[in-house]
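Just so it is clear, none of the values below were taken in a lab; they were calculated from the coordinates. Since we're looking at a predicted model, the values are computed, not measured. Methodologically, a virtual Cβ is constructed for each residue, glycine included, from the backbone with ideal geometry; neighbour enumeration extends over all protein chains shown.
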Amino acid sequence: MAKKYEGPAIGIDLGTTYSCVAIWQGQNNRAEIIPNEQGNRTTPSLVAFTDTQRLIGDAAKNQAATNPSNTVFDAKRLIGRKYSDSVVKDDVQLWPFQVISGTDDKPTIVVKYKGKEKRLVPEEISSMVLSKMKEIAGAFLVSPVKNAVITVPAYFNDSQRKATKDAGAIAGLDVMRIINEPTAAGLAYGLQKKSSFAGKRNVFIFDLGGGTFDVSILTIKDDNFKVMATAGDTHLGGEDFDSRMVDHFVKEFKRKHKKDISGNPRALRRLRSACEKAKRTLSFATDTTIEVDALFESTDLCSTITRTRFEELNIDLFKMCMETVERCLEDSKMDKSEIDDVVLVGGSSRIPKVQQLLQDFFNGKELCKGINPDEAVAYGAAVQAALLTEEGIKNVPNLVLMDVAPLSLGWALIRDEMSVVIPRNTTIPVKKTQRYATVKDNQSGVLIEVYEGERARASDNNLLGSFILSGLPLVPRGYPFNVCFAIDENGILTVSAEEKTSGSKNQTTITNKTNRLSAKEIKRLIQEAEIYEVDDMKFKNKVKAMNALDDYLYNMNKRMKDKCVSSKLPPMVQVDINSAIVKGQNLLDGGQKPETFVFVDLLRELKSIFEPAMAKIDNGWTHEDRDEDHGSTTGPAQSIATSTRRKLKEKLSWFNKSS
Ligand code: ADP
Ligand code: MG
């Protein structure tokens, strides 16, 4: 039975650019978005450090232009990642604040605070934003708040989820659950209720935010939410639309005033914030004015822009969004006609042109926009939060949330073979235990390397972490042990291995040791798996052939070591078999990679020499046979053995030549 929480419970949408907090209000039968002290319903996810104080939210954003190197934003892009992650490296170059590689390759933000250098990890920055949201809720409820549900993008891996949870804990929150943003949006619209009547609903979530674009297809059946597909662009959103407008006005300023502001960061930042405001206005007005006093060298910017012009400036970006929509549908193998609801999420989905393109794409279907798009995620998080409290249970319909593992999870067996324990798209939470066996005699330990991905070769996938299961008894190979993969409701993965039968138990667990992949990388891996399907099939066949040969050689070896067997074999046969074993082993251990057929043929030939010899031992070896083996007579059975032995020798000599 899951823990029940007491006291108020809030839902927090911890966004890359803006965050939002909400609480379920039983008496009104709806969630309430809680405005901050400035009256704004969303709060910038920014933290600034000055000589005298720390500022969070609007206050931090307002001073960003004058204090860029100590104003930290985009912590969500860093959370749960490594500094050496290529995504991080690319981002770091674009930010005005300093990020260095800290302990364990953790990205570490360096700022000046009260005259001293201060180093912060992304969790700390996010925790400051979360504590601000907690404070906003506390002020509204006139009592401190502890319990919260926090949302994350569907593609966040366990490391990013865990780090987000940690950020909550640092902020003094009891994080009841981490849920996916699209799932929260689906909850906000109460779409699960509709599905209770109509069976299954396919919901398309279109989330265009400040710096990221995420689309997901959810299938809601009864009260279960399942993420069927996700796609997106990690660097596409409102800020790009702002940039286009900034470029437009820089050009205009140059034309009108013969002054180039493009090299002046402060002027650019002031212009950018004016452009963001103008862009918001253009979502409900067809034109707007833009004014910035003394923008550059005491010249004011005073101009107008129409919605049409704004759309022209961004049309290629808007169209890119639609391509992603199409791709997500393709991935889900659904036709657009199968989508029951299209839900708008993210502040930028308020842009009329974006809505129009999306509606046209879905053949004129009405879009769900009853809840403000930049509030829908927090709204849904509040619904989920209420469901987890004693109070909430009475007020909101009961739901079971279901998400899926975005990539297959498994570990590397011998010969680099990926053994999938949790297949891609398995509903989580999930716990799966699989039985394996040692591959060598007297194998005292097993290296468990955990990977995510769809490729047949483990090393073509993404390595998440590894550990050793040690202390296995020194016995012949084939000794059993269990490996267990568990993903909890927050999407956090724990892998453990255990060897029970001998009584000498050994168990190790890894959690979030290394980074998982971004949505873009997940997409690439899945696409790659499709491209390399044939290659992967070939690889699997080869591993199968190699394993079969290995097993056979092992058993041959075992029988040959049995005195009762070997003593009955004519010396020539013994020599032949033993040398075949050695050659076979060399073929398996060799660095070069012969084609699969080489292993298959070799196995067939080994069998045709070994099996008749063993059959003869079982049935008794005759003198003729012994003579025959010296090549003096030719009986039908032995002629096969002799010819195959010759072929075998040819094969092995081919192998030796090619090696
Ligand atoms: P996040 O990406 O952090 O989740 P949001 O979903 O809150 O952020 O989206 C923030 C973005 O939405 C910002 O770029 C903001 O300028 C933009 N935005 C907010 N309101 C509007 C609006 N009315 N019209 C156009 N863009 C808007
Ligand atoms: Mg968002």
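So, R0 is 30 Å and r is the distance between the beta-carbons of residue 463 and residue 597; what FRET efficiency does that work out to, to 0.05?
According to the calculation, E is roughly 0.45.
Given the pairs 61/256; 561/583; 432/500; 134/165; 544/616; 76/112, which are separated by over 19 angstrom at their Cα positions?
As for pairs spanning more than 19 Å Cα to Cα, those are 61/256; 544/616; 76/112.
Out of the stretch 210-316, which GluC sites (Glu not before Pro) are coil in DSSP terms and have no more than 13 other C-beta atoms within 10 Å?
Listed in order of number, the matching sites are 297.
With N denoting the number of residues in the chain, provide Rg(C-alpha) divided by 2.2 N^0.38 Å, to two decimal places.
Expressed relative to 2.2 N^0.38 Å, the Cα Rg reads 1.24.
What does DSSP give for the chain in terms of the percent of beta bridges that are antiparallel, rounded to the nearest 5?
In the chain, DSSP labels about 80 percent of beta bridges as antiparallel.
Could you give the length gained on full extension between residue 315 and residue 530, defined as 0.36 nm per residue of separation minus the Cα-Cα distance, in nm?
Gain on extension, residue 315 to residue 530, equals 74.3 nm.
Just name one of 324, 278, 217: the one whose Cα is farthest towards the positive end of the charge dipole of the stretch 188-339 (beta-carbon charges, Lys/Arg +1, Asp/Glu -1).
Final value for the positive-end residue is 278.
Which angle from 0 to 90°, rounded to the nearest 10, does the C-alpha axis of helix 352-361 make with the longest principal axis of the chain?
40 degrees
Please tell me the relative contact order of the stretch 1-147 in percent, rounded to the nearest whole number, where contacts are Cα pairs under 8 Å and at least six residues apart.
Relative contact order, the stretch 1-147: 24 percent.
Mind listing which trypsin sites (Lys or Arg not before Pro) in the stretch 1-100 are in a DSSP loop and have 14 or fewer other Cβ atoms within 10 Å?
Passing sites in the stretch 1-100 are 3, 4.
Would you tally the net charge around residue 373, using a Cβ to Cβ cut-off of less than 9 Å, leaving residue 373 out, and scoring K and R as +1, D and E as -1?
Summing Lys/Arg as +1 and Asp/Glu as -1 gives -1.
In deg cm²/dmol and to the nearest 500, what is the mean residue ellipticity at 222 nm of the chain if only DSSP H runs of at least 4 residues count, each as -39500 (n - 2.57), divided by the residue total?
The helix contribution divided over the chain gives -13500 deg cm²/dmol.
Taking the Cα atoms only, what angle lies between the long axis of helix 238-257 and the longest principal axis of the chain, rounded to 10 degrees?
Approximately 50 degrees, to the nearest 10.
Using modelled backbone amide H atoms (1.01 Å from N, in-plane), which distant-in-sequence or interchain residues come within less than 5 Å of residue 10's amide H?
When sequence neighbours closer than 5 places are left aside, the close amide H contacts are 147, 148, 149.
Round to the nearest 0.05 the FRET efficiency obtained for residue 258 and residue 62 when R0 = 41 Å and r is the Cβ-Cβ distance.
0.85
So if each residue of separation counts as 0.36 nm, and I subtract the Cα-Cα distance between residue 470 and residue 489, what length gain in nm does that give?
3.9 nm
Given +1 on the Cβ of Lys and Arg, -1 on the Cβ of Asp and Glu, and no further charges, what dipole in debye does the stretch 1-44 carry about its Cα centre, rounded to the nearest 20?
160 debye
Please name which of 27, 44, 9 has its Cα lying farthest along the dipole of the stretch 1-53 towards the positive end, using unit charges on Cβ (Lys, Arg +1; Asp, Glu -1) and the Cα centre as origin.
So the residue we want is 27.
Which far-off residues, 5 or more places away or on another chain, put their amide H under 5 Å from the one on residue 25, with H placed in the peptide plane?
Under 5 Å from the amide H of residue 25 lie the amide H atoms of 30, 31, 32, each far enough along the sequence or on another chain.
Simple spin-label model, 7 Å along Cα-to-Cβ: residue 356 to residue 298 in nm?
Spacing of the two 7 Å Cα→Cβ label points: 4.4 nm.
Suppose R0 equals 51 Å; then what is the FRET efficiency for residue 330 and residue 615 from their Cβ-Cβ distance, rounded to the nearest 0.05?
My answer for the efficiency is 0.35.
About its Cα centre, how strong a charge dipole does the chain have in debye, to the nearest 20, once Lys and Arg get +1 and Asp and Glu get -1 at the Cβ?
Magnitude of the dipole: close to 780 debye.
State the extension gain, in nm to one decimal, for the chain segment bounded by residue 537 and residue 586, taking 0.36 nm per residue of separation less the distance between their alpha-carbons.
Gain on stretching residue 537 to residue 586: 15.2 nm.
Round to the nearest 10 and give me the degree value, 0 to 90, for the angle of helix 122-141's Cα axis relative to the longest principal axis of the chain.
50 degrees
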